[in-house]
Amino acid sequence: MPTTARLPMPASYFKLVRRFPLVRIADEDGLAAALAAVDGLLALELDAGQAAYLETLSALIHAYEGEHHPIADATPAEVLRELADANGLTGAAIAHRSGIAASTASAILSGKRRPTPEQMTTLAAVFHVSPAVFLPAFVPGV
């Protein structure tokens, strides 16, 4: 059986583990306590032990929230509206910069029409993002 070398953890790591053990979060009270622990750590300049603890606690929070508070994928319209808002662009400006007809851009922004793959590529270029931001997440086996 292969073994991996472990670096010694600073005492600060074990101090945090004694205060709030790194175990699966089982309920909302546990989530609230874990989030409070994270808030406390984020107010500090972390040493290596504290940073390792924070990384693991964050993974436990992510796992609990993924199971109990899943976030639905954003629609292409929601993504485009967020990109437009973040960049201070109107539908007309998006149409102008992308070369997509204003009526089509408006329909995509309102969710009345899904962008074609070509439009996704064009819009992604306008905002300097990957065209994949307009696609729902792929979940294997679903």
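Of all the listed residues (A63, A77, A48), the sole one being in contact with a Gly (Cβ under 7 Å, 6 or more places away or on another chain) and not acidic (D, E) is A77.
Listed by first and then second residue, the pairs with beta-carbon distance under 7 Å, at least 6 apart or on different chains, first residue in the range 93-107 and in the same structural domain as L83 (by TED's automatic domain parsing), second small (G, A, S) and not in a helix (DSSP H, G or I), are A95/A101. Filtering the range 131-141 for residues that are aromatic (F, W, Y) and surrounded by fewer than 16 Cβ atoms within 10 Å (Cβ to Cβ) leaves a non-empty set. Only a single item in (1) over 22 Å from the mean Cα position of the chain (by Cα); (2) assigned to a helix (DSSP H, G or I) is not met by Y53, and it is number (1).
If you check L46, L60, L89 for being surrounded by 10 or more Cβ atoms within 10 Å (Cβ to Cβ) and at pLDDT 95 or above, only one passes: L60.
The values are calculated or read from the model by the stated rules, or taken from the named source; none is laboratory data. As the structure is a prediction and not an experimental result, all values here were calculated from the model. Neighbour counts are summed over all protein chains in view; Cβ atoms, including those assigned to glycine, are modelled from backbone coordinates with ideal geometry.
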